[in-house]
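A.B. asks: Quick one: this structure, given as C-alpha cells, is what I'll be asking you about.
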Amino acid sequence: MLMIDLRKFFLLLVCMVSLVSRAGDTIKYCTPFDFPLLLSANFGELRPNHFHNGLDFKTKGTVGHPVRCIADGYVSRVAVQHGGYGQAIYITHPDGHTSVYGHVLSFAPEVEKYVRDYQYANETFVCYLYPEPGRFKFKKGDIIALSGNEGASAGPHLHIEIRKTGTDEYLDPMPYFKKYIKDTKAPQASLIGLYPVKGKGVIDGSTNKKIYTLASLKSPVQAWGQIYAAIGAKDYMDGTTNFYGVHSVTLYVDSVMVFRSVTDSVLPDENRMINTFTDYDELVRTRRLLMRSYKSPGNLLRLHHTGPGNGVITIDSERDYKFVYVLEDNFGNKSTYRFTVRGKKQHIPEYHMKGEELLPYNRTAILQRPGMEFIIPKGMLYDDTEVTVRISDLDTMSVSLEYDIDAGNTPLHGYCPLAIGVRKLNTVSPDKYYVRQIDGKRSYYVGGEYDNGWMRANVRNFGKYSVAVDTVPPSVVPVDKAKWRSTSNIRFKVSDRHTGIGTYKVYIDGKFVLFGLKKGILVIQDKEKVRRGVPHKLEVIVTDNCGNETRKQLSF
C-alpha cells in the first residue's frame with residue numbers, strides 16, 4: 001500500500017511540475033508582422049544534419065517589412081555573419097525565454113548604430129555582440145528589425161526561434177502563434193521502410209532493408225526475426241503549397257505502442273542526432289527522407305520514446321502482425337496508415353562483418369595507419385560501426401598519401417581529430433598546407449594546422465582525406481565598375497578555387513568602408529560613405545584560408 005501511495009504521490013508531483021513548467025507558456029506573444037502569417041517551414045522539419053529550430057514566416061516574397069518584438073525584453077545578442085542567419089537579433093524576455101529573429105535586413109536604428117560602430121572600429125563585417133542587459137530595451141510590439149533575405153536563405157522570410165534563456169534549448173514556437181495560423185490539413189505519408197536487424201531478421205526473404213510505397217503495401221509483407229520500421233511523411237497547411245515536418249509520429253504493433261516521437265524541443269547538442277532519427281544511408285544515396293521508428297544505442301534524443309526493444313519488433317509467430325502509424329500535427333490533425341507484416345518462419349543467415357575493424361559506439365576508438373591517425377571519441381557514433389581504411393599513393397608529387405576511411409554512409413555526431421603525415425616538407429611554407437576531403441571529382445577544404453610533420457584537423461565525416469597545397473591567391477573581379485561613380489554601388493565578384501575566402505577589407509580614399517560577402521559578391525554596405533560624381537581611389541584586399549592575398553588598387 002505504501003508503494004502504491006508513493007507512486008501516486010510521484011505521479012502527482014510530476015503533473016504539478018509539468019503544470020508549473022507550462023505556466024510560462026501561457027504568456028501571450030504578439031505576431032511579428034502586421035499581415036496574416038503563413039509558414040514556409042515549421043519547427044522540427046528535417047534538414048541536413050539538424051532539425052529546423054524555429055518557424056519561417058513568409059514575407060510576401062519581398063524584404064523590408066517591419067518585424068515586431070513578440071514580448072517585452074532586452075537585446076542580449078546581435079550576430080552578423082556570411083552564412084547561417086545572416087543578421088540576427090536576440091531578445092531576452094522575463095519569462096525565461098529568448099526570442100531570435102534571423103535573416104533580417106537591418107536592425108532598429110539604435111541597434112544598427114551599435115553594430116556599425118563596432119564593425120568600423122574593428123574593420124570587420126562578421127561580428128557577434130553581447131550588449132549589457134538593459135542597454136536596448138523593447139516593449140511588446142516595438143519594431144526591432146526589417147525582414148530580409150540575409151545569410152543562408154533561399155528567399156525572403158523571417159526565421160523566429162524561442163529558446164530557453166541560459167541553456168539555448170530550442171522550443172517549438174508554434175503554441176505561441178497557433179491562433180494566427182490556420183491549419184486543417186493532416187500529415188501525409190508516402191513511404192514505409194522495413195529493416196532487418198543484422199543477423200537476426202529477414203524481410204521478404206532478404207537481409208536487406210525494403211522501402212515500399214504505400215500502394216504496394218496492400219498485401220502483407222513476410223518477415224521473420226527482429227525488424228524495425230520507418231516512415232516517410234510530410235505535413236501541409238492551409239493557404240500554401242509548402243510542406244513541413246511531422247510534429248508527432250507513433251507506431252503501434254498489435255495495438256501496443258513501440259515507438260513515438262514528439263518534436264517539442266531540441267537541445268543544441270541533439271541537433272545532429274537527426275542523422276540517427278532518419279535513414280541516413282537512404283538520404284545520402286537517394287535524397288529520400290524516412291524517419292526511423294528505432295532508437296540506436298547512441299541516440300540520446302529526448303523526443304524519442306520507445307518500449308524495452310527500442311523500436312525493434314520480434315516476429316516469432318506464424319501469424320499477421322498489425323502495424324499502425326499515427327501522424328499528428330500541432331493542430332490536432334491526424335492521419336493513420338495500416339499495413340500487415342506476416343510472420344513466416346524462414347532461415348536467418350548468420351551475419352559476417354564486412355569491414356576491417358568494428359568501432360564501438362560507447363568508447364573511444366583510434367584508427368592508425370602509416371602516416372595517419374583518426375580518433376573517434378566516445379559519443380561520436382550512434383551504433384557499432386564497421387570501417388575499412390584504404391591507402392592510395394596519388395603520385396610521386398603528392399604532399400601526402402590519400403586515406404579512404406570507409407564506414408559506408410555512417411554519420412558522425414561531431415568533430416573528430418584527424419592527423420595526416422606530410423611528405424614534402426621543403427616545397428612550400430607550412431601555412432600553405434591544408435587537409436581536404438575528396439568526394440568523387442570534387443574536393444572540399446577542411447583546414448587544419450601544421451605540427452612537426454603532421455597536418456592536424458577536426459572532421460565530422462568519414463571519407464577520403466589527404467593533404468594539399470594552396471599557393472594561388474583569390475580571384476577578385478570588379479562588377480559594373482563604369483557605374484560606380486554615379487551609383488556608389490561598388491561590388492566585386494570574389495572566389496577561391498581551393499580553400500575559400502578567409503578575410504577581406506576595402507578602403508576608399510584611405511578609409512575603411514564596410515562590405516559584406518553575399519553569395520560570392522562583395523557588396524558595399526554604406527553607399528553614403530562614398531560621394532557620387534567625384535573621383536575616388538579604392539584598395540581591396542582579399543585573403544584565402546591559406547593566407548594567399550590578392551590586393552587591387554582601382555580608381556573610379
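A.B. asks: Pop a pseudo-label 7 angstrom from the Cα along the beta-carbon direction at both Tyr180 and Ser429 and give the gap in nm to one decimal.
C.D. replies: Label at Tyr180, label at Ser429, 5.2 nm between them.
A.B. asks: Name the lysines eligible as straight-distance cross-link partners of Lys200: C-alpha to C-alpha under 20 Å, and not fewer than 8 places from it in the same chain.
C.D. replies: Lys209, Lys210, Lys295, Lys344, Lys345, Lys354
A.B. asks: So what is the 222 nm mean residue ellipticity for the chain from helices alone, if each DSSP H run of at least 4 adds -39500 (n - 2.57) and you divide by all residues, rounding to the nearest 500 deg cm²/dmol? Let's see the in-between values first.
C.D. replies: Working: 6 runs with 55 residues, N = 556.
Value at 222 nm, helices only, nearest 500: -3000 deg cm²/dmol.
A.B. asks: Here's something else I'd like to know. Among all the lysines, which ones have a C-alpha under 26 Å from Lys505's C-alpha, if same-chain residues fewer than 8 places away are not counted?
C.D. replies: Lys113, Lys432, Lys481, Lys483, Lys493, Lys518, Lys519, Lys527, Lys529, Lys537, Lys552
A.B. asks: Pulled fully out, how much extra length does the chain show between Leu300 and Lys537, if you take 0.36 nm times their separation in residues and subtract their Cα-Cα distance?
C.D. replies: Numbers: separation 237, 0.36 × 237 = 85.32 nm, distance 5.73 nm.
Between Leu300 and Lys537, full extension yields an extra 79.6 nm.
A.B. asks: Quote the FRET efficiency, to the nearest 0.05, computed for Glu356 versus Gln525 with a Förster distance R0 of 45 Å and r equal to the Cβ-Cβ distance.
C.D. replies: 0.30
A.B. asks: What full-extension length gain, to one decimal in nm, is calculated for Ile348 and Arg285 as 0.36 nm per residue of separation minus the Cα-Cα distance? Before the final figure, lay out the partial values.
C.D. replies: Details: separation 63, 0.36 × 63 = 22.68 nm, distance 2.65 nm.
Here the segment from Ile348 to Arg285 would lengthen by 20.0 nm.
A.B. asks: A further question follows. Just the number, please: carbon plus sulfur as a percent of the accessible area of segment 360-427, 1.4 Å probe, no ligands or DNA/RNA counted. List each step's numbers first, then the result.
C.D. replies: Values: 1600 of 3210 Å².
Of all accessible area on segment 360-427, carbon and sulfur atoms account for 50 percent.
A.B. asks: Shifting gears a bit: Around Leu158, under 9 Å between beta carbons, what's the net of Lys plus Arg minus Asp minus Glu among the other residues?
C.D. replies: 0
A.B. asks: To continue, here is another question. So which trypsin sites (Lys or Arg not before Pro) in segment 364-453 are both in a DSSP loop and have at most 14 other Cβ atoms within 10 Å of their Cβ? Numbers along the way, then the final one.
C.D. replies: Details: sites: Lys378, Arg390, Arg423, Lys424, Lys432, Arg436, Lys441, Arg442; in loops: Lys378, Arg423, Lys424, Lys441.
Here the sparse-neighbourhood loop sites are Lys378, Lys424, Lys441.
A.B. asks: Quick one: accessible surface of His82, probe radius 1.4 Å, all protein chains present, in square angstrom to the nearest 10.
C.D. replies: 70
A.B. asks: Further, regarding this structure: Please label the shape of the chain as rounded, prolate or oblate, based on the square roots a ≥ b ≥ c of the eigenvalues of the alpha-carbon gyration tensor (a/c under 1.5 means rounded; beyond that, a/b larger than b/c means prolate, else oblate).
C.D. replies: Values: a/c = 2.17, a/b = 1.27, b/c = 1.71.
Oblate, since a/c reaches 1.5 and b/c is not below a/b.
A.B. asks: Let me ask another. Heavy atoms of the protein only, probe of 1.4 Å, neighbouring chains included. What is the accessible area of Thr240 in Å², nearest 10?
C.D. replies: For Thr240, solvent-accessible area is about 20 Å².
A.B. asks: Now for a separate question. Need one word for segment 90-163: rounded, prolate or oblate. Basis is the Cα gyration tensor (sqrt eigenvalues a ≥ b ≥ c); a/c below 1.5 gives rounded, then a/b vs b/c decides. If you can, show how the numbers build up before the last one.
C.D. replies: Values: a/c = 1.72, a/b = 1.09, b/c = 1.59.
Note, shape of segment 90-163 comes out oblate.
A.B. asks: Ok, one more. In the neighborhood of Gly379, defined by Cβ-to-Cβ distances under 14 Å, what is the net charge if each Lys or Arg adds +1 and each Asp or Glu adds -1?
C.D. replies: On the way: positive: Arg272, Arg363, Lys378, Arg460; negative: Asp269, Glu270, Asp383, Asp384.
Taking every other residue near Gly379 into account, the sum is 0.
A.B. asks: Scan segment 337-366 for chymotrypsin sites (Phe, Trp or Tyr not before Pro) in coil per DSSP, keeping those whose Cβ has at most 14 other Cβ atoms within 10 Å, and list them by number.
C.D. replies: On the way: sites: Tyr337, Phe339, Tyr351, Tyr361; in loops: Tyr351, Tyr361.
Here the chymotrypsin sites (Phe, Trp or Tyr not before Pro) that fit, given the DSSP loop and packing criteria, are Tyr351.
A.B. asks: Something else: Evaluate the Kirkwood expression for the hydrodynamic radius of segment 169-212, namely the inverse of the mean inverse distance over all pairs of different C-alpha atoms, and round to one decimal in Å. Walk me through the numbers on the way to the answer.
C.D. replies: On the way: mean 1/r = 0.0690 Å⁻¹.
For segment 169-212, the Kirkwood estimate is 14.5 Å.
A.B. asks: Setting aside same-chain residues fewer than 8 positions from Lys334, which aspartates and glutamates have a Cα under 16 Å from its Cα?
C.D. replies: Cross-link targets: Asp183, Asp235, Asp238.
A.B. asks: Between Asp168 and Asp254, what is 0.36 nm times their sequence separation minus the Cα-Cα distance? Round to one decimal in nm. Let's see the in-between values first.
C.D. replies: Details: separation 86, 0.36 × 86 = 30.96 nm, distance 3.95 nm.
Between Asp168 and Asp254, full extension yields an extra 27.0 nm.
A.B. asks: Counting Lys +1, Arg +1, Asp -1, Glu -1, what net charge surrounds Glu402 among other residues with beta carbon under 9 Å of its beta carbon? Numbers along the way, then the final one.
C.D. replies: Numbers: positive: Arg390, Lys464; negative: Asp393, Asp404.
Value of the local net charge: 0.
A.B. asks: If you build the convex hull over the alpha carbons only and average its shadow over all orientations, what do you get for segment 129-282? Give it in nm² to one decimal. Don't skip to the end; give the middle numbers.
C.D. replies: Working: hull surface 55.8 nm².
Mean shadow area of the hull around the Cα atoms is 13.9 nm².
A.B. asks: Express the relative contact order of segment 415-483 as a whole percentage, based on alpha carbon pairs under 8 Å and six or more residues apart in sequence. Numbers along the way, then the final one.
C.D. replies: Numbers: 103 pairs, mean separation 25.6, N = 69.
Normalised by residue count, the contact order of segment 415-483 is 37 percent.
A.B. asks: Write down the accessible area per residue of the chain in Å², having rolled a 1.4 Å probe over the full set of protein chains.
C.D. replies: 49
A.B. asks: Order Lys209, Lys140 by their accessible area, 1.4 angstrom probe, all chains in place, largest first. If you can, show how the numbers build up before the last one.
C.D. replies: Working: Lys209 60, Lys140 100 Å².
Highest to lowest solvent-accessible surface, that is Lys140, Lys209.
The values are calculated or read from the model by the stated rules, or taken from the named source; none is laboratory data. Keep in mind that what you see is a predicted model, and the values were worked out from it rather than measured. So basically every Cβ, Gly included, is an ideal-geometry build from the backbone, and we count neighbours across all protein chains shown. Side chains are part of the model used for accessible areas, which takes the heavy atoms of the whole protein and leaves out ligands, DNA and RNA. Shrake-Rupley method; radii C 1.70, N 1.55, O 1.52, S 1.80 Å.
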